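Student: Let me give you the structure first, and then I'll get to my questions.
Every read-out reported here was derived from the displayed coordinates using simple, explicitly stated rules and does not represent laboratory data. Just so it is clear, the model here is predicted, and its values are computed rather than measured. Neighbour counts run over all protein chains shown; Cβ positions are idealised from the backbone, glycine included.
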């Protein structure tokens, strides 16, 4: 069976996503399309505009056959963990092709960079340590180290685009997991990730979210299938969670902050000091961030505090091999047929009923999925959706 995999956040699903999907389907002609999607909190340290079930249904309406949730610990982690977790889930589903959007139109360049990162030669490791010692952020240090060992490539320009970074991490994950499939990179049409203005009927997710925040019309950039959902719930933004975030942080001890994912090198001291001096979320982020600790990383740490994520738990998940289940968020009839095949062959359990899964799950699986449930319950405090949403959306 030809199965096409896509990794996404669909925050929101827009015409650019539809273009990528259509191009990939045209090129590969799959029997079904499977998407691994973030839940209610996303990789760049933000909240999703709409809840995960709404976004999953929109994806299915636009041509995705089966939507699998990326567990929260991986959805709000670094690009590397986001990618490795997603690739593990898609591999467990048996995909035979992966498609992703990227700004770099030369796949060979991205593959060379992925090779270098997968192998981590001594020259690369030495250069990385030297740049980190200068006090710059890890992403910048890594880019400079790569430039040193791949001088013929314009690494700094390529790694300035988030979608290129994720594309490289997907490729690296395949190499490190020693798995392979057909790769279908789709060059982004008309607009880049950071662009805040649309062109024709295409706009970036960043631009659309900013327009929605300002209550501007975004209908030209959304597909008819998306608009047909008649979204009535108000979109949510990180600022909406300001009081919850400040409360979560202010009640934490210094050692608890130190145990948050992404907190290293004494950063807990800076955070602890800032939370007792800052009176707003923007002020808090501005006080904590530095050249070494960029805003996106700080926001991921804040979300980890809000949801109760810890290094200790994440380390246990990593030692066990990453995501522990395939949680279904939405599917169509084709997706149901594929799901039956996956359930009979995959080493990971397929979750369509939380109650049934929790009855049979081991402790590690329970801990991971209970975090997903907590994330949904926290999200619904401000989303006009009912509590226990995870238990009310079952196939």
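Student: Measure out, as a whole number of angstrom, how far apart the alpha-carbon centroids of segment 14-91 and segment 211-290 sit.
Tutor: 21 Å
Student: Run the numbers for residue 148 and residue 244: contour at 0.36 nm per residue of separation, minus the present Cα-Cα distance, in nm.
Tutor: 30.2 nm
Student: Suppose the chain between residue 370 and residue 277 were pulled fully straight at 0.36 nm per residue; how much longer would it get relative to their current alpha carbon spacing? Walk me through the numbers on the way to the answer.
Tutor: Working: separation 93, 0.36 × 93 = 33.48 nm, distance 3.26 nm.
Taking 0.36 nm per residue and subtracting the Cα distance, the gain is 30.2 nm.
Student: So for each of 352-358, 13-19, 366-372 I average, over its residues, the number of other beta carbons within 10 Å; can you give me the resulting order with the highest mean first?
Tutor: 13-19, 366-372, 352-358
Student: For residue 334 and residue 363, FRET efficiency with R0 = 35 Å and r from the beta-carbon atoms, rounded to 0.05?
Tutor: Details: r = 35 Å, r/R0 = 0.99.
Result of the calculation: an efficiency of 0.50.
Student: While we're looking at this one, here's another question. When the Cα centres of segment 101-132 and segment 329-395 are compared, how far apart do they sit, in Å?
Tutor: 35 Å
Student: Quick check: residue separation of residue 287 and residue 253 times 0.36 nm, minus the Cα distance between them. What number comes out in nm?
Tutor: Once the chain is fully extended between residue 287 and residue 253, it gains 10.4 nm.
Student: Still on this structure, I have one more. Kindly provide the helix-only [θ] at 222 nm of the chain, computed as the sum of -39,500 (n - 2.57) over DSSP H runs of four or more divided by all residues, to the nearest 500 deg cm²/dmol?
Tutor: Theoretical 222 nm ellipticity from helices: -15000 deg cm²/dmol.
Student: Now for a separate question. What's the exposure ranking of 331, 181, going from fewest to most Cβ atoms within 10 Å?
Tutor: Ordered from fewest to most neighbouring Cβ atoms within 10 Å, 331, 181 come out as 181, 331.
Student: Say R0 is 41 Å: what FRET efficiency, to the nearest 0.05, do residue 224 and residue 183 get from their beta-carbon distance? Could the numbers behind the result be given before it?
Tutor: Values: r = 30 Å, r/R0 = 0.73.
With a Förster radius of 41 Å, E is 0.85.
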